[in-house]
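Q: Let me give you the structure first, and then I'll get to my questions.
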Amino acid sequence: MPQLDFGNPLMISQIVWLMIIFGLLYFILSNYALPRVEAVLEDRRARIAADLDAARAAKAEADTALAAHAEATAKARAEAQAAIAAATAQAHAEAQAHADTLNAKLNAQIAASEARITVARDAAMGALRQVASETAESLVAKLTGRADPAAVGRAVDTALAARAGS
Amino acid sequence: MAVEGKTIDALSQFELTPVLGAVGRSIGFSQSNMHMLVAGLLIVALLMVGMRARAVVPGRLQASAETIYEFVQNLVVGQVGEEGKRFFPFVFTLFMFVLFGNMLGLLPYAFTYTSHIAVTFGLAFIVFVLITVVALARHGMHFFSYFFPQGAPLWLAPIIIPVEVVSYLSRPVSLSIRLFANMVAGHVMLKVFATFVVLLGGLGVIGPFVAALPLAVNIALVGFEVLVAFLQAYVFAILTSIYLHDAVHLH
């Protein structure tokens, strides 16, 4: 097996060159090559983190805008509700007032009419007494041949009072 | 080289030969060292050329460089913890050097420097020196308590301490032999089956048909060897990280 031929001078020099090449490779990698990779990776990490931060800030901004919008909507809705309620109340009040004046007018008319009716009825009642007295007098005169207007008047009054009372 | 006088010669592929003519011979620069140099240049090129764009959205080469970087970093940080970042360049160099050595060796005519026990032991020895120095620097004399676990009965000390010392000292041996044996076994298998292809192919009319069988085996073996090449580099790196964890935290 050539690998175990330690008498070969190339074996010793192989190890010496191995140490030199490996040491050189380590030096180059640790001082030049790997820091470059690390710098690029670090740069990318920082960039992604910055982008994420920006996205987070934008989201927070959007959230506040959304909240403000929701608040404004709620306020506008409340205002509209209040306006509707006020308008309804006003309409109610106006309608009430209108109805009241109408009622008052109608009541007045009713009262006037009633007064007129009472007057008419009283007049009619007065006329009735005269007609009744005259009729009774003429009837009594025809039956008896004489008439006592005062007695007839009393009798009519009594009968009317009894009718009005009943 | 594969077939010499109709015999199977699977081991001559591991022989060291000087390269670069007279200069190489005088400084003992073998083809093994040449492959180390090529691997090192490829690693540096991958990182330097790959990261040249410094793009936020990486291209193919940059993505592979970053993937390997993060893979090894996760490995080291996962095993050693945050203190492990100091050792990351070392583990990364080790992982890439072994990985590229294994992978380069799979190319035709290439030499696999990780198939030399001297090379793998050299790397394992660097790891062993590093973990011992780190442990001594961090814990001083307290480091030797590592060889006697806390809570063990005192009368067991004569048994436990020698066992722990031997297990500690055998770390570089097991680390180097694992990689060396895996690479040698794979390349010997490849060479043996490749020799079968040549030998059986010379059997007249039926030769090419019979030779197709070991050829198919070799194709499967190459795929398997790619897996082993990666796996052994990974094992080397993760065992180094585990040893570093022991050195930093002592159990």
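The values are calculated or read from the model by the stated rules, or taken from the named source; none is laboratory data. Quick caveat, the model's predicted, so the values are computed rather than measured. Neighbour counts are summed over all protein chains in view; Cβ atoms, including those assigned to glycine, are modelled from backbone coordinates with ideal geometry. These area figures cover heavy atoms from the full protein model, side chains too; ligands, DNA and RNA do not enter into them. Shrake-Rupley method; radii C 1.70, N 1.55, O 1.52, S 1.80 Å.
Q: With touching a residue at least 40 places away in the same chain (Cβ under 8 Å) and aliphatic (A, V, I, L, M) as the only criterion, which of B:39, B:22, B:55, B:45 stands out?
A: Residue meeting the stated conditions: B:39.
Q: Then there is this: Within the range B:159-195, which residues are touching a residue at least 12 places away in the same chain (Cβ under 8 Å), open to solvent by 40 Å² or more (accessible area, probe 1.4 Å) and under 20 Å from residue B:238 (Cβ atoms)?
A: Matches in the range B:159-195: B:173, B:177, B:178, B:182.
Q: Also: Select from the range A:108-129 the residues that are closer than 16 Å to residue A:163 by Cα and of a type outside the set (Lys, Arg) and list them in ascending order. Give the derivation first.
A: Within the range A:108-129, the subset closer than 16 Å to residue A:163 by Cα is A:121-122, A:124-129.
Result: A:122, A:124, A:125, A:126, A:127, A:128.
Q: As an exercise: evaluate residue B:53 against (1) under 20 Å from residue A:1 (Cα atoms); (2) more than 7 Å from every other protein chain (Cβ to nearest Cβ) and give the number of the one condition it does not meet.
A: Result: residue B:53 fails condition (1) only.
Q: Among the numbered criteria (1) out of contact with any Ser or Thr (no Cβ under 9 Å at 6 or more places or on another chain); (2) open to solvent by less than 50 Å² (accessible area, probe 1.4 Å); (3) within 11 Å of another protein chain (Cβ to nearest Cβ); (4) more than 26 Å from residue A:17 (Cβ to Cβ), which one does residue B:68 miss?
A: (4)
Q: Can I ask one more? In the range B:103-123, which residues are touching a residue at least 60 places away in the same chain (Cβ under 8 Å), open to solvent by less than 40 Å² (accessible area, probe 1.4 Å), of a type outside the set (Val, Ile, Thr) and in a helix (DSSP H, G or I)?
A: Scanning the range B:103-123 gives B:104, B:113, B:115, B:123.
Q: Among B:76, B:44, which is the only one that is modelled with pLDDT of 85 or more, more than 10 Å from chain A (Cβ to nearest Cβ) and either assigned to a helix (DSSP H, G or I) or farther than 22 Å from residue A:20 by Cα (or both)?
A: Working: B:44 fails: more than 10 Å from chain A (Cβ to nearest Cβ).
Result of the check over B:76, B:44: B:76.
Q: Give the range B:19-34 a look and list any residue that's more than 10 Å from chain A (Cβ to nearest Cβ), part of a helix (DSSP H, G or I) and not small (Gly, Ala, Ser), or say none.
A: Scanning the range B:19-34 gives a single hit, B:23.
Okay, residues lined up against (1) in a helix (DSSP H, G or I); (2) within 30 Å of residue B:72 (Cα to Cα); (3) among the acidic types (Asp, Glu):
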| site | (1), (2), (3) |
| --- | --- |
| A:26 | yes, yes, no |
| A:61 | yes, no, yes |
| A:82 | yes, no, no |
| A:95 | yes, no, no |
| A:99 | yes, no, no |
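Q: Mind checking whether some residue in the range B:3-14 is buried (at least 16 other Cβ atoms within 10 Å of the Cβ), in contact (Cβ under 8 Å) with a residue 40 or more places away in the chain and assigned to a helix (DSSP H, G or I)?
A: Yes, the range B:3-14 contains at least one residue that is buried (at least 16 other Cβ atoms within 10 Å of the Cβ), in contact (Cβ under 8 Å) with a residue 40 or more places away in the chain and assigned to a helix (DSSP H, G or I).
Q: Within the range B:124-149, track down each residue that is without any contact (Cβ under 8 Å) to a residue 40 or more places away in the chain and open to solvent by 30 Å² or more (accessible area, probe 1.4 Å). So that I can check it myself, show each step before the final result.
A: Keep residues of the range B:124-149 that are without any contact (Cβ under 8 Å) to a residue 40 or more places away in the chain, which gives B:126, B:129, B:133, B:136-137, B:140-141, B:144, B:147-148.
B:126, B:129, B:133, B:136, B:137, B:141, B:144, B:148, listed by residue number.
Q: Suppose we filter A:52, A:41 for residues that are under 28 Å from residue B:59 (Cα atoms) and either open to solvent by 60 Å² or more (accessible area, probe 1.4 Å) or not in a helix (DSSP H, G or I) (or both); which single one remains?
A: Testing whether each residue is under 28 Å from residue B:59 (Cα atoms) and either open to solvent by 60 Å² or more (accessible area, probe 1.4 Å) or not in a helix (DSSP H, G or I) (or both) leaves just A:52.
Q: Mind checking which residues of the range B:46-55 are among the hydrophobic types (A, V, I, L, M, F, W, C) and open to solvent by less than 40 Å² (accessible area, probe 1.4 Å)? Walk me through how you get there before you give the answer.
A: Let us first name the residues in the range B:46-55 that are among the hydrophobic types (A, V, I, L, M, F, W, C), namely B:46-49, B:51, B:53, B:55.
Passing the criteria: B:46, B:47, B:51, B:55.
Q: Can you find a residue that is open to solvent by 50 Å² or more (accessible area, probe 1.4 Å) and within 13 Å of the chain's Cα centre (by Cα) anywhere in the range B:212-225?
A: No, the conditions are met nowhere in the range B:212-225.
Q: Which of the following residues is within 9 Å of chain B (Cβ to nearest Cβ) and in contact with a Pro (Cβ under 8 Å, 6 or more places away or on another chain): A:18, A:29?
A: On the way: A:18 fails: in contact with a Pro (Cβ under 8 Å, 6 or more places away or on another chain).
Of the residues listed, the single one that is within 9 Å of chain B (Cβ to nearest Cβ) and in contact with a Pro (Cβ under 8 Å, 6 or more places away or on another chain) is A:29.
Q: Pick from the range B:56-65 the residues that are open to solvent by 30 Å² or more (accessible area, probe 1.4 Å) and either outside any loop (DSSP other than H, G, I, E, B) or more than 10 Å from every other protein chain (Cβ to nearest Cβ) (or both): which of them is nearest to residue B:239 (Cα to Cα)?
A: Step one: filter the range B:56-65 for residues open to solvent by 30 Å² or more (accessible area, probe 1.4 Å), giving B:56-61, B:63-64.
Subsequent filtering for residues that are either outside any loop (DSSP other than H, G, I, E, B) or more than 10 Å from every other protein chain (Cβ to nearest Cβ) (or both) retains B:59-61, B:63-64.
Details: B:59: 32, B:60: 30, B:61: 28, B:63: 26, B:64: 23 Å.
Looking at residues that are open to solvent by 30 Å² or more (accessible area, probe 1.4 Å) and either outside any loop (DSSP other than H, G, I, E, B) or more than 10 Å from every other protein chain (Cβ to nearest Cβ) (or both), I get B:64.
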